[in-house]
1. Return the residue satisfying two criteria in turn: it lies in the stretch A:115-132 and is of a type in the set (Asp, Glu) and assigned to a helix (DSSP H, G or I), and of such residues it is surrounded by the fewest Cβ atoms within 10 Å (Cβ to Cβ).
2. If you scan the stretch C:7-48, which residues turn out to be polar (S, T, N, Q) and within 17 Å of C:Ala205 (Cβ to Cβ)?
3. Please enumerate the residues belonging to the stretch B:55-66 that are more than 16 Å from B:Val145 (Cβ to Cβ) and either of a type in the set (A, V, I, L, M) or more than 9 Å from chain C (Cβ to nearest Cβ) (or both).
4. Considering each residue of the stretch B:50-60, count those that are within 13 Å of C:Ile183 (Cα to Cα) and without any contact (Cβ under 8 Å) to a residue 24 or more places away in the chain, and give that number.
5. Taking the stretch C:36-68 as the search range and keeping residues that are surrounded by 14 or more Cβ atoms within 10 Å (Cβ to Cβ) and within 14 Å of chain B (Cβ to nearest Cβ), which one is farthest from C:Val126 (Cα to Cα)?
6. I'd like to check something: does the stretch B:67-87 contain any residue that is part of a helix (DSSP H, G or I), charged (D, E, K, R) and more than 14 Å from chain A (Cβ to nearest Cβ)?
Amino acid sequence: MRHNAAVSANSMIELSDVSKTFRGTDSPAVQSLSLSVEVGETVVLVGPSGCGKTTTLKMINRLIEPTSGSIVIDGTSVTDLPAHELRRGIGYVIQQIGLFPHRTIRRNIATVPGLLGWEKGRVARRIDELAELVDINPDMLDRYPSELSGGERQRIGVARALAADPPVLLMDEPFGAVDPIVRARLQEGLLSLQERLQKTIVLVTHDIDEAILLGDRVAILNVGGHLEQYDTPAEILRSPASPFVADFLGSDRGIKRLSLIPIRDIELEHGPVVRPDADAEEIERVMAATGVDWIAVGSDGQLDGWTPGADVRSAGGLAGVALRPFETTLDISDSLKEALDAVVSSHTSVAAVFEDGRYLGMLSIDTISEEIVQ
Amino acid sequence: MNNADAIWDRTLEHVYLTALAVGIGLVISLVLSVIALKWRPTYQPITWVTGILYTIPSLALFAFLVPVTGLSVLTAEIGLVSYTLLILIRNIVTGIDAVPVDVLESAAGMGYTQGRRFWDIELPIAVPVIITGIRIATVTVIGLVTVTSLIGLGGLGFFILRGLQNFSSPIGTTQIFIGTILSVVLAVAADVSLAGIERWLTPWANRGAAE
Amino acid sequence: MIEFFGEVAAWFTDPANWQGIDGIPNRMWEHIQMTALSTGVAAVVAIPPAIILAHKRIGGVLVVAGVNIARAVPSFAIVAIALPITIRLGLGLGFWPTFLALLFLAVPPMFSNTYTGITGVDPALVESARGMGLTERQTMTRIEVPVALPVIIAGLRIATVQVIATATLGALVAWGGLGRYIIDGFATQDIPEVFAGGILVALLAITAELAFNIFERAVTPAGQRYEERIGTAR
């Protein structure tokens with residue numbers, strides 16, 4: 001499920017003409033970047049290595065100081081505060097996480113509240129909240145980081161970043177160091193977290209698929225911090241602003257778009273469905289009308305199965321014909337990409353779509369490819 | 001004075017001289033290490049000077065100090081402290097250096113000031129390496145304290161020197177052995193205790209990994 | 001103070017101190033000879049077995065334990081204990097207790113460093129050597145020893161400096177060497193002599209350390225530096 005941010009007039013983070021040239025180098029790592037992040041949205045900075053995405057992220061919490069330009073968070077310039085105070089108000093998650101090995105998980109999470117001087121009761125309550133929020137087993141709290149797995153440590157890292165309830169969260173390749181299965185779970189976790197918390201998140205990744213999945217808006221950066229395109233994933237996939245962007249999206253850009261479209265948004269076909277009491281004539285008619293040589297049988301929102309036309313003809317009807325179940329069924333909330341997968345791998349070249357078990361209609365490859373072409 | 005009392009007194013003297021030297025050495029080394037870590041170019045000269053102090057034979061060092069500070073605890077301590085510096089500084093710096101970069105970065109990113117980060121994060125994590133240095137320094141100093149017998153102290157080395165002076169009589173051999181064995185026992189006891197302290201201070205260092 | 005340094009200078013410029021058995025050249029030579037002899041024999045005794053045992057990966061735990069125990073025995077005690085032993089063996093005072101004590105002192109660091117150096121050689125190198133058909137002996141001499149050389153030489157350095165230092169105590173068992181000035185000086189309350197002896201010993205030790213450092217650096221392949229470095233991320 002994707003979170004769609006309503007475009008509000010409130011910009012949470014505003015980068016204006018920000019540049020960074022490192023000492024001893026000639027070409028700037030980031031050149032005159034201007035970017036605005038709305039309250040509650042997730043913006044993903046993505047691009048090839050050397051594009052300055054991590055540098056840009058680190059300038060927001062002043063781990064790197066810009067050579068020129070200004071950065072404003074919630075109306076206050078980042079240089080108005082001492083850097084360490086600024087950072088206590090921003091959550092920060094890095095790829096290797098950097099949990100403190102000499103402290104228990106509990107104390108790790110309590111780091112920023114400790115720095116801010118929260119009193120013990122409040123900290124304890126907050127940790128319980130976070131444990132529930134990020135799905136941490138309470139008996140993990142008194143262990144040490146070396147005893148945890150990579151996926152667990154990642155979630156602790158997120159909990160730690162959220163401990164003091166900062167409005168802004170910065171994440172630098174947070175899911176890069178784990179295997180794909182764990183990564184997918186962590187991404188899901190982040191999405192559901194965002195649904196509940198509505199934090200302003202800036203996330204850096206080199207993985208365009210991750211960007212499309214997680215971002216409300218995606219900023220595609222080229223080497224030197226040049227902003228090539230900054231828009232919603234759907235828009236970028238629909239019309240890349242330059243050959244660089246098209247290239248970066250990959251040649252399967254059209255298919256990537258499908259992952260953003262839920263089946264809900266498409267008009268489904270009724271499909272060749274007849275009631276169980278239909279006779280051979282009616283069956284032939286329906287098959288001819290739909291242009292297929294197989295028939296599905298069902299009634300009142302229930303699908304019992306399908307059978308090839310040949311079986312019906314040789315039996316002279318449905319009586320005694322064994323119905324085959326649909327191999328893949330889709331839910332109305334699935335994306336067209338999953339639908340494409342199902343359709344391509346099924347015998348019937350269609351996929352049946354359901355909502356809470358109730359049959360709604362069918363999707364054929366034609367309907368799907370119409371979406372790509374659009 | 002009966003022998004057991006003498007042995008006990010000398011043991012106390014030995015422990016006192018050692019503890020004082022390692023204690024002072026640790027404080028000085030911490031200060032110099034912080035300087036070396038903050039201003040990298042100073043590490044080389046610091047290592048160089050402490051290295052020379054370490055290389056100079058203890059007897060020679062005492063030879064330099066006696067004209068200045070006489071046959072006193074001060075002379076002994078200046079000499080002993082000098083020996084601990086190289087080992088301790090090297091271990092402190094190496095230990096702090098070994099703190100993983102991601103830990104440093106996440107600490108900075110969460111809003112730790114550099115100073116607080118040093119005391120709360122870097123130093124505690126470096127404790128195992130630092131205590132290893134303290135162990136080496138302590139055992140070394142325990143050995144060197146015996147040489148201070150030549151300037152009137154010596155701890156258990158007193159018996160070793162006495163034994164040498166009485167070498168022609170059987171009691172000499174006994175004295176040498178007593179001095180030696182007790183010194184070794186003291187050194188081993190110190191080493192084991194410090195190892196135990198290390199384990200007590202770092203419950204996190206010995207936990208197994210989940211993956 | 002200045003007066004004192006004047007006396008020390010006087011000691012150095014006194015021609016009597018440059019002649020005879022108790023003259024600087026003789027004592028220096030005695031000291032150097034003894035150092036070379038004991039470290040030389042120690043090297044022969046310690047290094048080859050260490051190479052072989054390390055190559056076969058035998059006895060690692062013992063080496064660590066052994067080094068720790070050796071460190072716990074004061075060098076002063078080793079010299080002192082050598083005396084009753086050599087007397088019992090009929091070898092008398094002077095040379096033998098000093099030599100045996102220094103030998104005993106030099107072996108552990110040489111053995112331990114050689115062992116650590118050889119076991120520290122990248123296993124991939126050793127494996128590929130074997131894979132190419134080198135015999136075990138060839139692997140040791142052509143791969144492991146050259147790669148471990150800096151560490152082995154560091155062991156030699158540590159042992160040598162320790163021997164130079166402890167040889168000063170040889171004066172207590174009726175031997176000669178530069179320690180004579182310090183011990184005799186203390187006995188006769190001739191503090192300028194004590195100081196002068198200290199200078200000579202210190203110079204010898206520092207010279208040896210520097211010489212070995214240069215040697216170590218010379219045999220270290222360019223890409224492989226065995227020295228402490230400060231990390232860059234602060």
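1. A:Glu132
2. Scanning the stretch C:7-48 gives C:Gln33, C:Thr35, C:Ser38, C:Thr39.
3. Correct list: B:Ile56, B:Ala60, B:Ala63, B:Val66.
4. Qualifying residue count, the stretch B:50-60: 1.
5. Per the criteria, the residue is C:Asn68.
6. yes
Each row is one residue, and each column tells you yes or no for (1) farther than 17 Å from B:Ser33 by Cα; (2) at the interface with chain A (Cβ under 10 Å from one of its Cβ atoms); (3) out of contact with any strand residue (DSSP E or B) (no Cβ under 9 Å at 6 or more places or on another chain); (4) modelled with pLDDT under 95.
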{"site": "B:Met110", "(1), (2), (3), (4)": "yes, yes, no, yes"}
{"site": "B:Val129", "(1), (2), (3), (4)": "no, no, yes, yes"}
{"site": "B:Arg135", "(1), (2), (3), (4)": "yes, no, yes, yes"}
{"site": "B:Thr140", "(1), (2), (3), (4)": "yes, no, yes, yes"}
{"site": "B:Val147", "(1), (2), (3), (4)": "yes, no, yes, yes"}
{"site": "B:Leu161", "(1), (2), (3), (4)": "yes, no, yes, yes"}
{"site": "B:Gln165", "(1), (2), (3), (4)": "yes, no, yes, yes"}
{"site": "B:Ile171", "(1), (2), (3), (4)": "yes, no, yes, yes"}
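Conditions (1) free of Cβ contacts under 8 Å to residues at least 12 places away in the same chain; (2) in contact with a helix residue (DSSP H, G or I) (Cβ under 6 Å, 6 or more places away or on another chain); (3) part of a helix (DSSP H, G or I), marked per residue:
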{"site": "A:Arg23", "(1), (2), (3)": "yes, no, no"}
{"site": "A:Gly50", "(1), (2), (3)": "no, no, no"}
{"site": "A:Leu57", "(1), (2), (3)": "no, no, yes"}
{"site": "A:Arg62", "(1), (2), (3)": "no, yes, no"}
{"site": "A:Pro66", "(1), (2), (3)": "no, yes, no"}
{"site": "A:Pro113", "(1), (2), (3)": "no, yes, yes"}
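The values are calculated or read from the model by the stated rules, or taken from the named source; none is laboratory data. The model shown is predicted, which means the values in this text are computed figures rather than measured ones. Positions of Cβ are backbone-derived with ideal geometry, glycine not excepted, and every protein chain shown enters the neighbour counts.
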